[in-house]
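Here is the structure we will look at.
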Amino acid sequence: MATIYFSSGLAPYTGGVESLAVDAARVGDLLRIVLERFPALREPLEIMAIAVDGEIHQHADYIPLTSGSEVHLVPRIAGGHR
Amino acid sequence: MSGEQRFKYVGTRPIRHDGLDKVTGRANYGADFTLPGLLHGHIVRSPHAHARILAIDTSAAAGMPGVMAVITGDDIPKTTARLMMGEGGFDLGDMGDNLLAHDKVLYQGHAVAAVAATSPELARAAAEAVAVHYEVLTPVMTIDQALAAGAPILHDGLTTKGQPAAGVPTSPTNVAMRMELKRGDVDKGFAESDIVVERTFTTPMVHQGYIEPHACVARHGEDGQIVVWTSTQGHFNVRDCSAGILGIDAAKIKVIPSEIGGGFGGKIPVYLEPVAIALSRKAHRPVKLVMSREDVFRASGPTSGTKVRMKLGAKQDGTLVAASASLYYEAGAYKGSPAGAGAMCAIAAYRIPNFFIEAYDIVVNRPKVAAYRAPGSPSSTFATESLIDEIARRLNMDALDLRLKNAATEGDQAPYGPKFGPIGLREVLAAAKAHPHWTAPLGANQGRGVAVGFWFNAGMNSSATVSVNTDGSATVVAGNPDIGGTRVAQALMVSEELGVPVERVRPSVADTDSIGFSDLTGGSRVCYATGMAVIEAARDAREQLKARAAKMWGTDAAHVGWDDGTAIPLNGAGDRTPLTVNEIAAKLAHTGGPVIGRATVNPPMAGPGFGLNICDLEVDKETGVSRVVRYTCIQDVGKAIHPSYVEGQMQGGASQGIGWALNEEYIYDREGHLENPGFLDYRMPVASDLPMIDTVLVEVPNPLHPYGVRGVGEVPIVPPLAAVANAMRDATGVRFTDLPLSPPRVLEALATD
Amino acid sequence: MPKLHVQTSVNGDTLDFLCEPAETLLDVLRNRLNLTGSKEGCATGDCGACSVLLNDRLVASCLVLAAEVDDQRVLTVEGVARGDALHPVQQQLLEHAGLQCGICTPGIVVAAKSLLDHNPNPTETEVRFWLAGNLCRCTGYDKIIRAVLDAAATMRDDRSRVSA
Ligand code: FES
Ligand code: FES
């Protein structure tokens, strides 16, 4: 079971649910299950990147999850440079 | 990875390989390139900040002798495509509309047409002969104007994305995005606080100020094959944006990067290349486009002007318990300000159990903003670090002790969600306490300020190859333009892995045909992500060299070890004489042919970076003029590959931040005309404005990188805004909340105080 | 308008060119003589990237008309090194990492050479004021100033060695 947290002000889209334990092998599977349960998340998800155990990924669909994995939705940052 | 890695080459300071060409004037930058039959382009720009285009008559211009092509927005297809790229996405529709306006112009300087002619003078004359008829609309120049009830709307189709505020219509609107970050119970947190400080801060729109204007040459062949020579932070980015906007295959375009004369985020978007391609397609000749400095100011991508309302609550002992903030960031003409990043960075340095942060992305009739070093972080951090300073004063606490008491550390949950891995904020604060600057006496009319800053540091796609030559020298090829010494850093990494001296490694930046896809040079990612690709490619080459040594010994590769450029026999290899890289390389043709190591990576974002600045400011209370008299930058860099260039990033970022704090700003009149589009009136720091800038490199290794690199280019611009303003507060007793701290503003505040 | 014929010396080479009356020295150097080492950062005299020496005087070549250099001596960044020996300013910029992107570097090299021609022993403040017309956005100037001060020191050493 991995746990996804909706701490970033996403409560309105999850009916107040702040976290959810999901049985999923990969991030993409987890997000599919989460969206089935909370379809209203689809829109805010568009501006989110995914943090798995503290590492922020722009493309996370195929990242494997283990029991105890912590997944956070993190707002995407636009562009950066030196 | 062990924290105690030993390095032979990494951490030394060799002369950069591309240095000689740059000190002798031989290096070729964007505007230096030419081709036989070259035409010169000129862009027709809008004199209005907000207007509907009624008609464009190009016939007079097209009929002028020597004019070979005239194009308008009709030649840039309207698209709804998006391109996922790196940290964010590009809306190619907006980008195409910014290249050449389709229906409306959205800022003064917005391109509406382009011409190509046989000389720059003819091109300019032809551009003047293009007749554009406008219906002038009321411009929206400020955040308050954009949010006002009944405000003119820039984009009819725009709706508020993300987490729109309850009860506010999402369309029509000038708010492109709103987001929230929250945790705990912020009302309860403030109720429990012993002191609460609250203020509104503003920062002006400022420009990256790279000295090289944008420039490119494009040649469109009759067979549809296109070559572009350009100065850019990401040539793959130029290729894919151009292909997407013009609706052609990426494989039809080859982009060759020139040397680049600064970018700081501003040379990520495309402004010229698709226009040059379209002109060349029409004219059947190569076309060069070069921006003037005025064009750069008016029509490239500065960074957002911002307004931040922030409130912090603390206990009597200095423990922070609550924070709330509303961030309003100007996006310019099209959506996409760094408001979200501003929100995530605002309080990232501190453990605060209760917070609520909202951030708005707002379109206004100014140029579309581009990234500028740690985009979004300096403005929100200016608010936070000013208020932290105020709390320290109110509680009579040492400003560093207050920060140390609340500093985030490994395992703390970042305000944007995940837990921090190993981070160096406490080490940076400790280094500040130990630095002589912190306790040095101040002179008359001087004040001291301190501030910290945070940035994520990007990951993203990179590719690299490492070839070993038959004489034992090596070549490393990667796909990132070298803005500040990344070639030499990559060579150092190859030296470390192969044991080949750095002057025997040739680093080079390859065009889009000659190396795998690489995201742009930005986000402080080149030493981290591209470095990771280089190290992996070098290790791949090393494994191949070991296999060749095994072949020479007639043993199994598993029996070959490696030590500082030499293959050594392990148990099972018997009593062989070690083989150096040179010896193995000399036999490559005998052992299977050339050796090329390769790697492609797309790592997660690098470990977060924290920095701290200490600023001493001297203020002339008669004139309001202030001078930075001493400045120290301390930063956790993870691991410095070439310390001189790391220090240079810190010093350069600090001086840009000092400029932002003291002088720089876009000044518009009421009609939306930029009043200071030149270096005379847009006053960047010059050599005589600044003191030496001391640097301290703290190295808390980033576990995601084989050497511990974190990326260093962004963090340096985050602390200076508040460090300077806090020093001003210390010197004058006045808390300034609006930048820049220009002499008239300082005088006025001192008079009313 | 007919073109003007200009005869001049650039980096020691005697040469001539045709130019428009309104053409700047910078444009002629870059576009007609292929000397693209001098850069255009502003074309208004504010950035110093186009710095050259005109009869040993430091000028912004974007503010000089090409026709003015008739019968004069021009030195550009391409002419600062002697053979395979870099000028000490160039060498010290390399040693100190006094360049990042390098676009300001040609102007800095020419301006700093001119300073050391005039003043072999400048103070830090003198170097800062002399270079105040050369914008650098990458370095914060620190390493550039140190490079110029060290270049001055090496040149003084060389001179005293020669005279001794
Ligand atoms: S181009 Fe001549 S001073 Fe800037
Ligand atoms: S090194 Fe880039 S402007 Fe000076």
**Asked** B:Gly318 passes all but one of (1) crowded, with 23+ Cβ neighbours inside 10 Å; (2) in contact with a Leu (Cβ under 6 Å, 6 or more places away or on another chain); which number fails?
**Response** (1)
**Asked** In the range C:26-66, which residues are away from ligand 2 (no atom under 16 Å from the Cβ), in a loop (DSSP other than H, G, I, E, B) and either acidic (Asp, Glu) or not assigned by TED's automatic domain parsing to the domain that holds C:Gly12 (or both)?
**Response** C:Asp56
**Prompt:** Taking the stated definitions as given, is C:Asn134 polar (S, T, N, Q) and away from ligand 2 (no atom under 13 Å from the Cβ)?
**Reply:** no
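Residue-by-condition table, conditions (1) open to solvent by less than 10 Å² (accessible area, probe 1.4 Å); (2) touching a helix residue (DSSP H, G or I) at 6+ places or on another chain (Cβ under 9 Å); (3) within 16 Å of ligand 2 (Cβ to nearest atom); (4) not hydrophobic (A, V, I, L, M, F, W, C):
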position	(1), (2), (3), (4)
B:Ala151	no, yes, no, no
B:Ala165	no, no, no, no
B:Val168	no, no, no, no
B:Val186	no, no, no, no
B:His207	yes, yes, yes, yes
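Taking helices (runs of 4 or more DSSP H) that fall entirely within the range B:573-662, which contain at least 3 residues that are touching a helix residue (DSSP H, G or I) at 6+ places or on another chain (Cβ under 9 Å), within 14 Å of chain C (Cβ to nearest Cβ) and buried (at least 23 other Cβ atoms within 10 Å of the Cβ)?
Details: elements: B:581-586, B:588-591, B:643-662.
Those helices (runs of 4 or more DSSP H) span B:643-662.
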**Residue list for the range B:680-699, filter: more than 17 Å from B:Met650 (Cβ to Cβ) and more than 7 Å from chain C (Cβ to nearest Cβ)** = B:Asp681, B:Tyr682, B:Arg683, B:Asp689
**Request:** Just one of (1) surrounded by 24 or more Cβ atoms within 10 Å (Cβ to Cβ); (2) in contact with a Pro (Cβ under 6 Å, 6 or more places away or on another chain); (3) within 14 Å of another protein chain (Cβ to nearest Cβ); (4) not polar (S, T, N, Q) trips up B:Tyr107, so point out which.
**Result:** (3)
**Any hit, the range B:111-124, residues being modelled with pLDDT of 95 or more, under 28 Å from the mean Cα position of the chain (by Cα) and within 30 Å of B:Leu39 (Cα to Cα)** = yes
**Prompt:** Any idea which of B:Thr138, B:Thr72, B:Thr159 is under 27 Å from A:Ile47 (Cα atoms) and β-branched (Val, Ile, Thr)?
**Reply:** B:Thr159
**Prompt:** Scanning for something closer than 21 Å to C:Asp16 by Cα, away from ligand 1 (no atom under 14 Å from the Cβ) and among the small types (Gly, Ala, Ser), does the range C:56-64 turn up at least one residue?
**Reply:** no
**Complete:** Turns out the strands (runs of 3 or more DSSP E) fully within chain A with at least 1 residues that are within 8 Å of another protein chain (Cβ to nearest Cβ) and under 10 Å from the mean Cα position of the chain (by Cα) are A:2-5, A:48-52, A:70-75
**Fill in**
Of (1) closer than 20 Å to B:Thr159 by Cβ; (2) in contact with a strand residue (DSSP E or B) (Cβ under 7 Å, 6 or more places away or on another chain); (3) modelled with pLDDT of 95 or more, B:Asn365 satisfies every one except (2)
**Criterion violated by C:Val148 - all others in (1) within 16 Å of ligand 2 (Cβ to nearest atom); (2) more than 7 Å from chain B (Cβ to nearest Cβ); (3) more than 26 Å from B:Thr12 (Cβ to Cβ); (4) part of a helix (DSSP H, G or I) satisfied** = (3)
**Asked** Looking at the range B:667-679, which of its residues are open to solvent by 10 Å² or more (accessible area, probe 1.4 Å), part of a loop (DSSP other than H, G, I, E, B) and either away from chain C (no Cβ under 11 Å) or of a type in the set (Asp, Glu) (or both)?
**Response** B:Ile667, B:Asp669, B:Arg670, B:Glu671, B:His673, B:Glu675
**Item:** Failed item, numbered, when C:Leu33 is tested on (1) among the aliphatic types (A, V, I, L, M); (2) at the interface with chain B (Cβ under 10 Å from one of its Cβ atoms); (3) without any contact (Cβ under 8 Å) to a residue 24 or more places away in the chain
**Value:** (2)
**Message:** I'd like the full set of residues that are away from chain A (no Cβ under 14 Å) and either assigned to a helix (DSSP H, G or I) or without any contact (Cβ under 8 Å) to a residue 40 or more places away in the chain (or both), limited to the range B:414-427.
**Reply:** B:Leu425, B:Arg426, B:Glu427
**Asked** Restricted to the range C:75-95, and to residues that are within 15 Å of ligand 2 (Cβ to nearest atom) and either surrounded by 24 or more Cβ atoms within 10 Å (Cβ to Cβ) or in contact (Cβ under 8 Å) with a residue 60 or more places away in the chain (or both), which residue is nearest to the chain's Cα centre (by Cα)?
**Response** C:Val77
**Message:** Go through (1) part of a loop (DSSP other than H, G, I, E, B); (2) under 26 Å from B:Pro441 (Cα atoms); (3) open to solvent by 30 Å² or more (accessible area, probe 1.4 Å) for B:Val696 and report which single condition fails.
**Reply:** (1)
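Listed here are the residues, each with its yes/no results for (1) in contact with a Ser or Thr (Cβ under 9 Å, 6 or more places away or on another chain); (2) in contact (Cβ under 8 Å) with a residue 40 or more places away in the chain; (3) open to solvent by 60 Å² or more (accessible area, probe 1.4 Å).
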residue: B:Lys8; (1), (2), (3): yes, yes, yes
residue: B:Lys22; (1), (2), (3): yes, yes, no
residue: B:Ala27; (1), (2), (3): yes, yes, no
residue: B:Ala31; (1), (2), (3): yes, yes, no
residue: B:Ile43; (1), (2), (3): no, yes, no
residue: B:Pro47; (1), (2), (3): no, yes, yes
residue: B:Ala51; (1), (2), (3): no, yes, no
residue: B:Ala55; (1), (2), (3): no, yes, no
residue: B:Val67; (1), (2), (3): yes, yes, no
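What residue, of B:Ala458, B:Ala451, B:Ala430, is of a type outside the set (Ser, Thr, Tyr), surrounded by 24 or more Cβ atoms within 10 Å (Cβ to Cβ) and not in a strand (DSSP E or B)? Don't jump to the end; show me each part of the working.
Working: B:Ala451 fails: not in a strand (DSSP E or B); B:Ala430 fails: surrounded by 24 or more Cβ atoms within 10 Å (Cβ to Cβ).
Within the list B:Ala458, B:Ala451, B:Ala430, the selection yields B:Ala458.
Among the helices (runs of 4 or more DSSP H) lying completely within the range B:1-100, list those that include at least 3 residues that are under 26 Å from B:His133 (Cβ atoms) and of a type in the set (A, V, I, L, M, F, W, C). Let's see the steps before the verdict.
Values: elements: B:19-23, B:59-62, B:92-99.
Helices (runs of 4 or more DSSP H) meeting the threshold: B:59-62.
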**Prompt:** Looking at (1) in contact with a helix residue (DSSP H, G or I) (Cβ under 6 Å, 6 or more places away or on another chain); (2) crowded, with 21+ Cβ neighbours inside 10 Å; (3) touching a residue at least 60 places away in the same chain (Cβ under 8 Å), which is the only condition B:Ala331 fails?
**Reply:** (1)
**Prompt:** Would you pick out the residues in the range C:111-131 that are open to solvent by less than 30 Å² (accessible area, probe 1.4 Å) and either of a type in the set (S, T, N, Q) or part of a helix (DSSP H, G or I) (or both)?
**Reply:** C:Ala111, C:Ala112, C:Ser114, C:Leu115, C:Leu116, C:Val127, C:Arg128, C:Leu131
**Item:** In the range C:67-110, residue farthest from ligand 1 (Cβ to nearest atom) [restricted to those that are more than 13 Å from every other protein chain (Cβ to nearest Cβ) and outside any strand (DSSP E or B)]
**Value:** C:Asp71
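The values are calculated or read from the model by the stated rules, or taken from the named source; none is laboratory data. Remember, it's a predicted structure, so these values are computed and weren't measured experimentally. Because the Cβ atoms are built from the backbone with ideal geometry, glycine has one as well, and the counts that use them run over all protein chains shown. SASA here: full protein model, heavy atoms, side chains in, ligands and nucleic acids out. Shrake-Rupley method; radii C 1.70, N 1.55, O 1.52, S 1.80 Å.
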